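Okay, structure first, notes after.
The values are calculated or read from the model by the stated rules, or taken from the named source; none is laboratory data. Quick caveat: nothing in here was measured; it's all calculated off a predicted structure. Glycine gets a Cβ as well: all are built from the backbone with ideal geometry, and neighbour counts include every protein chain shown.
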Amino acid sequence: MTFRGADWFLLSPELFLTAAALLVLGLATAMRKAHEEFLGYLSILFVVLTGALLAFVAAAPPRHAGPILGGMFVADNFALFFQFTILLSLVLTILASMRFVAAAPYPGGEYYALLLLTGVGMLFMVSGNNLISIYVALETMALASYVLAGYFKGETKSTEAALKYFVLGAFSSGVLLYGLSLVYGIAGQLGLPELAKLLAGTPRSNLLVLGILLLLAGLLFKIAAVPFHFWTPDVYEGAPTPITAFFSVGPKLAAYAVLARVFYVAFPRFHADWGLIVALVSAATMIWGNVAALMQTNVKRLFAYSSIAHAGYALLGVLGFRTAFGLWGILVYLLAYTFMNFGAFALVIFLESRGYAAESVSDFNGLARRNMTAAVVMLVFLLSLAGIPPTAGFIGKYYLFAAALKAGYPWLVVLGLLTSAISLFYYFRIAAAMFFSEAAGAKFRASDALTAAVVICAAGTLIVGIAPEKVLQVLRACTPGAY
Amino acid sequence: MLSNIPILSIVAYVPLLGALAIIFFVPREKAQTIKSVATAFAVIDFLLSLPLWIAFDRGREGYQFVERASWIPSLGVEYHFGVDGISLILILLTTLMGVIAIVCSYSAISERLKEYYVLLLLLQTFMIGTFCCLDLFLFYVFWEVMLVPMYFLIGVWGGERRLYAAIKFFLYTLAGSVLMLLGIIALYFLNTTGFLGYHGAGNPATFSIEKLTAVAAGLPVDLQIWLFFAFFLGFAIKVPMFPFHTWLPDAHTEAPTAGSVILAAVLLKMGTYGFVRFSLPMFPEAVKTPWVLKTMIALAIIGIVYGAMVTLVQKDMKRLIAYSSVSHLGFVMLGIFALNMAGIQGSILQMVNHGISTGALFLLVGVVYERRHTRMISEYGGLAKQMPLYATYFLVMALSSMGLPVLNGFIGEFSILQGAFARSFWWAFFAATGIVLGAAYLLWLYQRVFFGELSNPANQKLQDLTLREQLTLAPLVILAFWIGLYPRPIFDLLRVPSERIVTAVGGKTMTAPAYAARVAAAPSAPRTAP
């Protein structure tokens, strides 16, 4: 492995965020509970500064680009898109957490520090260009998130969520690692471009395919695709709601980046082997995610299943990665998903009265009378999640369906379209509760920080839905090789 | 005169402006102001749409008042508006019905006024937009988003089972239209790079309806049939064709009066409009395939007869009129799939007629519902004595709905039957039984509600139509007579676009130009044809 001076420059955003996380952790020990809000704003500042560094790196002359640390990482536009989106999700999460953390009887400094640490893991994950660096980054992210899931350590549900998340997460990491070792055993390589080069010439071997499929399974765990989704509803229900919102967006983004990169760069030759499996998983995920969501009365579980369903849609883009719309579509969809899903969760946080405890759909009753703006904004998120134009969700789904049709999976498109229609039923249970039921509580206002998060999400959802051209062009530039 | 003004966009977005004005500038306590602002914007919108009727060049091929701007170049999506005679007449119907829907709600809606009028105005914008679109992507956007305000109109201000009816309406229509999206994506690829072994035309990416129609019409039959059915479900549910009609009675019955009026007058026309605008010109080979055509005709005829028979046994007035829509729109479908001038022109005219007469009937039912809060026929009887004006209006509209000469329904139905007869005696025969049944259910309804003794004490104090109610009904009565006595301006408007559709599907029974010449020569167009 060779170090270049430029590597330090290229890695500066990640290094800065690491230092920031440690600093927040250190400050937290010296800070009284009453002042923890300051740590939240400080964390936001750090994340924004990381974003600025990232922009600086991105704008640097091309001689700096290329492999970092001897090919362990790569600073391409694809990684940049995910890094920016992940930073966005961090900012949103912190904004949504402020009042919440202040009200909770646990130290808030750790909370912010851990969030930033997951951010470090994710930033490395999406730029990882070598299976081992990807694995290490993934574990960095995962370990911090297990702790975050159990942040309410006095509550049984939160602890249970953390334990479940940990056990299943560790298991899936094991599966991933096993697949990785098989691939290494046969190919003798872990770098993604090297693997691609090597595999292009070697005959197909069953053991190698097994290794690839195990890798796939490990990653499908992380994005919560059926049949690897069992942890999701429980973890989402038990974790503090801002963390649930974060889990449904941030780590998923990172896992998608890895999934797309690994299978696009390293294993396109084995498309025939993993293509059908991904297609079946996608079908099962769309069906089960949506059908199970129909039966939920708990909002967090409902959105847990809905996010499972959305994982199924995004897999359509992985299937169609060779088409013009595939990878581009994943980026469009994930961006849309970040806005709309986080926005919906932000509204759930908005309504929560008891802190972390799971709340039912009926808590939305009469929201239109209590706070019309909140109800209308929630409606926008719900419409977007259901894929109704003119919202970001529709544009995203359009791309994914186009990719899948072009890639030769018309049946999956039909399934995706029909399950989208089904999804409207449970999303609109919330809409019906908001607009058709009588008010169940007093009028109220949200904290400014949370309002800011909601505004960002709503603006994103509508801009990508109504005037998406600029965004689409930027995202196309972030799509490797499709054009 | 209108060439430099984006008149279609103005007509489409004036209601939206009205909605925004109400949202931001009128406090919810000021009920009267809300009503006035909503009415003002609807009336302005209607007045703005009238120049379209005057300035439209009836002899010219193609679309007029075209507006075109790029919207999402990455996907080839454009903001592309334009109208031909078919969309023009439907836009005028929409703007008129928009005013009527708002005025008829003054006293019927007493709570959450602000949201109500905002939603009505939004719905208006989306409906007009749908009729204006010349870009398939944009069309889909309007088509889908239209469901949202209607959902809330039914769900908030509807009858007892409104929640059920609202979500059923939304889910049914959505489930139908999502497959249309598949068809749209497929057409997009067929125009560009192809998919699944089908070669694309290699053109630049576009959703232009004209371009895609040209590409689609040249596709092999099997692919055309697939695409036809991808679009079919969306349109058929909206129409609604038998057996996809089950959402309609619920939605109509539970919706507030204005909602029912808009549903009947405009929303259902979206489906038939879809067939005329997309299915026929895009997939002519599929439409001409015998089994497809027979299926369509069979569904249309079942719709006519079954719809009429179910209507006969209804006990609820609103439900009765809702079911009669199934029958009437069966007629429209029959005319469309007769694939000749008489059939298609008659169908489009009948779309307007159905909007006028069924819209008016819903208004009329709304009038007594507002006074008595029941729609059961058995609750009424002998109303003719107590409410003579009401009885007169009701009679005119019922006669118009059943197709009595001198009134509008006759012209449309006659033309459709003529078109159907030219194709097959039996088509016309079965359809004619529908007319007989139609007369039966309407006259029987009329008899039960208006004749006999005024026995129910609750009805003895019923007030006759107010001036406002008459104002909502009068334009429809005038239109009914106008179309019934002098339909030629409308046939003139429809001639060129209908010819184009008939040419596209290669209408055989009568060559389009010969028929057109006859229509142009004859004063009361359809009746002179053999």
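Could you list all residues from the stretch B:265-311 that are over 15 Å from B:Phe232 (Cβ atoms) and aromatic (Phe, Trp, Tyr)?
B:Tyr306
Among the residues of the stretch B:499-513, which ones are at pLDDT below 50 and touching a helix residue (DSSP H, G or I) at 6+ places or on another chain (Cβ under 8 Å)? Step through it out loud before you land on a result.
Kept after step one, since they are at pLDDT below 50, are these residues of the stretch B:499-513: B:508-513.
Residues satisfying the conditions are B:Thr509, B:Met510, B:Ala512, B:Pro513.
Check off (1) exposed (fewer than 15 other Cβ atoms within 10 Å of the Cβ); (2) touching a Pro at 6+ places or on another chain (Cβ under 8 Å) for B:Ala42 and give me the number that stays unchecked.
Only one criterion is unmet by B:Ala42, namely (1).
Among the listed residues B:Leu50, B:Leu16, which satisfies the condition of being part of a helix (DSSP H, G or I) and either surrounded by 15 or more Cβ atoms within 10 Å (Cβ to Cβ) or of a type in the set (Ser, Thr, Tyr) (or both)? Walk me through it before giving the result.
Values: B:Leu50 fails: either surrounded by 15 or more Cβ atoms within 10 Å (Cβ to Cβ) or of a type in the set (Ser, Thr, Tyr) (or both).
On inspection, the qualifying residue turns out to be B:Leu16.
In the list A:Ala433, A:Ala392, A:Ala446, which residue meets the criterion of being more than 10 Å from every other protein chain (Cβ to nearest Cβ), surrounded by fewer than 21 Cβ atoms within 10 Å (Cβ to Cβ) and in contact with a Phe, Trp or Tyr (Cβ under 9 Å, 6 or more places away or on another chain)?
Values: A:Ala433 fails: surrounded by fewer than 21 Cβ atoms within 10 Å (Cβ to Cβ); A:Ala392 fails: surrounded by fewer than 21 Cβ atoms within 10 Å (Cβ to Cβ).
Going through A:Ala433, A:Ala392, A:Ala446 in turn, just one is more than 10 Å from every other protein chain (Cβ to nearest Cβ), surrounded by fewer than 21 Cβ atoms within 10 Å (Cβ to Cβ) and in contact with a Phe, Trp or Tyr (Cβ under 9 Å, 6 or more places away or on another chain): A:Ala446.
Do we have A:Thr285 as farther than 16 Å from A:Thr479 by Cα, modelled with pLDDT of 90 or more and not assigned by TED's automatic domain parsing to the domain that holds A:Ile86 here?
Criteria met by A:Thr285.
Could we say that A:Ala144 is small (Gly, Ala, Ser), touching a strand residue (DSSP E or B) at 6+ places or on another chain (Cβ under 9 Å) and closer than 30 Å to A:Cys457 by Cα here? Please lay out each step first, then the result.
Numbers: small (Gly, Ala, Ser): yes; touching a strand residue (DSSP E or B) at 6+ places or on another chain (Cβ under 9 Å): no; closer than 30 Å to A:Cys457 by Cα: yes.
Taking the combined requirement at face value, the residue does not satisfy it.
Check B:Val261 against each of (1) of a type outside the set (Lys, Arg); (2) buried (at least 24 other Cβ atoms within 10 Å of the Cβ); (3) over 30 Å from B:Gly366 (Cα atoms); (4) more than 14 Å from chain A (Cβ to nearest Cβ) and name the one condition it does not meet.
Only one criterion is unmet by B:Val261, namely (3).
Which residues, taken from the stretch A:396-421, are facing chain B (nearest Cβ under 8 Å) and assigned to a helix (DSSP H, G or I)?
Here is the first cut: in the stretch A:396-421, the residues facing chain B (nearest Cβ under 8 Å) are A:398, A:401-402, A:405-406, A:408, A:410, A:413-414, A:417-418, A:420-421.
Matches in the stretch A:396-421: A:Tyr398, A:Phe401, A:Ala402, A:Leu405, A:Lys406, A:Pro410, A:Val413, A:Val414, A:Leu417, A:Leu418, A:Ser420, A:Ala421.
From the list A:Val414, A:Val454, pick out the single residue that is surrounded by fewer than 19 Cβ atoms within 10 Å (Cβ to Cβ), modelled with pLDDT of 90 or more and not basic (Lys, Arg).
Details: A:Val454 fails: surrounded by fewer than 19 Cβ atoms within 10 Å (Cβ to Cβ).
Just a single option satisfies the conditions, and that option is A:Val414.
With the requirement that a residue be outside any helix (DSSP H, G or I) and within 30 Å of B:Lys211 (Cα to Cα), what does the stretch B:238-288 give you?
First, pick out the residues of the stretch B:238-288 that are outside any helix (DSSP H, G or I): B:239-246, B:255-256, B:283.
Matches in the stretch B:238-288: B:Val239, B:Pro240, B:Met241, B:Phe283.
Name the single residue, out of those in the stretch B:365-374 being within 18 Å of B:Leu454 (Cβ to Cβ) and not hydroxyl-bearing (Ser, Thr, Tyr), that is surrounded by the most Cβ atoms within 10 Å (Cβ to Cβ).
Taking the candidates together, the pick is B:Val367.
Among the candidates A:Tyr146, A:Tyr184, A:Tyr112, single out the residue that is in a helix (DSSP H, G or I), modelled with pLDDT of 90 or more and under 25 Å from A:Val278 (Cβ atoms).
On the way: A:Tyr146 fails: under 25 Å from A:Val278 (Cβ atoms); A:Tyr112 fails: under 25 Å from A:Val278 (Cβ atoms).
Just one listed residue meets the conditions, A:Tyr184.
Name the helices (runs of 4 or more DSSP H) wholly within the stretch B:83-166 that hold at least 3 residues that are surrounded by fewer than 24 Cβ atoms within 10 Å (Cβ to Cβ), within 21 Å of the chain's Cα centre (by Cα) and among the hydroxyl-bearing types (Ser, Thr, Tyr)? Please lay out each step first, then the result.
Working: elements: B:85-103, B:113-132, B:136-145, B:147-157.
Answer list for the stretch B:83-166: none.
Quick one: in the stretch B:447-472, which of the residues that are in contact with a Leu (Cβ under 6 Å, 6 or more places away or on another chain) and among the hydrophobic types (A, V, I, L, M, F, W, C) is surrounded by the most Cβ atoms within 10 Å (Cβ to Cβ)?
Result: B:Val449.
For the stretch B:216-249, which residues satisfy the criterion of being under 18 Å from the mean Cα position of the chain (by Cα) and of a type in the set (D, E, K, R)? Walk me through how you get there before you give the answer.
If we filter the stretch B:216-249 for residues that are under 18 Å from the mean Cα position of the chain (by Cα), which is where we start, we get B:231-242, B:244-249.
Result: B:Lys238, single match.
A:Leu219 passes all but one of (1) closer than 30 Å to A:Thr50 by Cβ; (2) assigned by TED's automatic domain parsing to the domain that holds A:Val235; which number fails?
(2)
Can you name the residue in the stretch B:55-76 that is of a type outside the set (Phe, Trp, Tyr) and within 14 Å of chain A (Cβ to nearest Cβ) and is also surrounded by the fewest Cβ atoms within 10 Å (Cβ to Cβ) among such residues?
B:Ala69
Out of curiosity, is A:Ala458 closer than 25 Å to A:Met98 by Cα, over 20 Å from the mean Cα position of the chain (by Cα) and more than 9 Å from chain B (Cβ to nearest Cβ)? Working first, answer last.
Numbers: closer than 25 Å to A:Met98 by Cα: yes; over 20 Å from the mean Cα position of the chain (by Cα): no; more than 9 Å from chain B (Cβ to nearest Cβ): yes.
So A:Ala458 fails the test.
Considering every residue within the stretch A:395-406, establish whether at least one is without any contact (Cβ under 8 Å) to a residue 40 or more places away in the chain, in the same structural domain as A:Ile466 (by TED's automatic domain parsing), aliphatic (A, V, I, L, M) and more than 17 Å from A:Val278 (Cβ to Cβ).
Within the stretch A:395-406, not a single residue is without any contact (Cβ under 8 Å) to a residue 40 or more places away in the chain, in the same structural domain as A:Ile466 (by TED's automatic domain parsing), aliphatic (A, V, I, L, M) and more than 17 Å from A:Val278 (Cβ to Cβ).
Please go through (1) touching a Pro at 6+ places or on another chain (Cβ under 7 Å); (2) at pLDDT 90 or above for A:Leu327 and return the number of the only condition it doesn't satisfy.
Evaluating A:Leu327 over (1) touching a Pro at 6+ places or on another chain (Cβ under 7 Å); (2) at pLDDT 90 or above leaves (2) as the failure.
Which ones in the stretch B:425-446 are without any contact (Cβ under 8 Å) to a residue 60 or more places away in the chain, surrounded by 14 or more Cβ atoms within 10 Å (Cβ to Cβ) and under 21 Å from B:Met296 (Cα atoms)? Working first, answer last.
First, pick out the residues of the stretch B:425-446 that are without any contact (Cβ under 8 Å) to a residue 60 or more places away in the chain: B:425-426, B:428-429, B:432, B:435-436, B:439, B:443, B:446.
Checking which are surrounded by 14 or more Cβ atoms within 10 Å (Cβ to Cβ) leaves us with B:428, B:432, B:435, B:439, B:443, B:446.
Residues satisfying the conditions are B:Ala428, B:Ala432, B:Ile435.
State which residue pairs qualify: first residue at positive phi and in a helix (DSSP H, G or I) and inside the stretch A:1-18, second residue surrounded by fewer than 20 Cβ atoms within 10 Å (Cβ to Cβ) and at pLDDT below 70 in any location, beta carbons under 6 Å apart, and separation of 6 or more residues or different chains.
none
Might you let me know whether the stretch B:188-204 holds any residue that is touching a helix residue (DSSP H, G or I) at 6+ places or on another chain (Cβ under 8 Å), at pLDDT 90 or above, crowded, with 24+ Cβ neighbours inside 10 Å and more than 9 Å from chain A (Cβ to nearest Cβ)?
Scanning the stretch B:188-204, I find no residue that is touching a helix residue (DSSP H, G or I) at 6+ places or on another chain (Cβ under 8 Å), at pLDDT 90 or above, crowded, with 24+ Cβ neighbours inside 10 Å and more than 9 Å from chain A (Cβ to nearest Cβ), so the answer is no.
Name every residue in the stretch B:451-477 that is under 18 Å from B:Leu407 (Cβ atoms) and not small (Gly, Ala, Ser), in order of residue number. Break it down stepwise before answering.
Going residue by residue through the stretch B:451-477, those that are under 18 Å from B:Leu407 (Cβ atoms) are B:473-477.
Listed by number, the residues that qualify are B:Leu473, B:Pro475, B:Leu476, B:Val477.
Look at A:Leu54 and say whether it is over 30 Å from A:Ala103 (Cα atoms), modelled with pLDDT of 80 or more and not in a loop (DSSP other than H, G, I, E, B). Outline the logic, then answer.
Details: over 30 Å from A:Ala103 (Cα atoms): yes; modelled with pLDDT of 80 or more: yes; not in a loop (DSSP other than H, G, I, E, B): yes.
Spelling it out, A:Leu54 is indeed over 30 Å from A:Ala103 (Cα atoms), modelled with pLDDT of 80 or more and not in a loop (DSSP other than H, G, I, E, B).
Here's a check for you: in the stretch A:92-130, which residue that is more than 16 Å from A:Phe38 (Cβ to Cβ) and of a type in the set (Val, Ile, Thr) is farthest from the chain's Cα centre (by Cα)?
Filtering the stretch A:92-130 for residues that are more than 16 Å from A:Phe38 (Cβ to Cβ) and of a type in the set (Val, Ile, Thr), the one farthest from the chain's Cα centre (by Cα) comes out as A:Val120.
Go through the stretch B:167-176 and give me each residue that's more than 8 Å from every other protein chain (Cβ to nearest Cβ) and crowded, with 24+ Cβ neighbours inside 10 Å. Give the steps one after another, and end with the answer.
As a first pass, look at the stretch B:167-176 and keep what is more than 8 Å from every other protein chain (Cβ to nearest Cβ): B:168-169, B:172-173, B:176.
Result: B:Phe169, B:Thr173.
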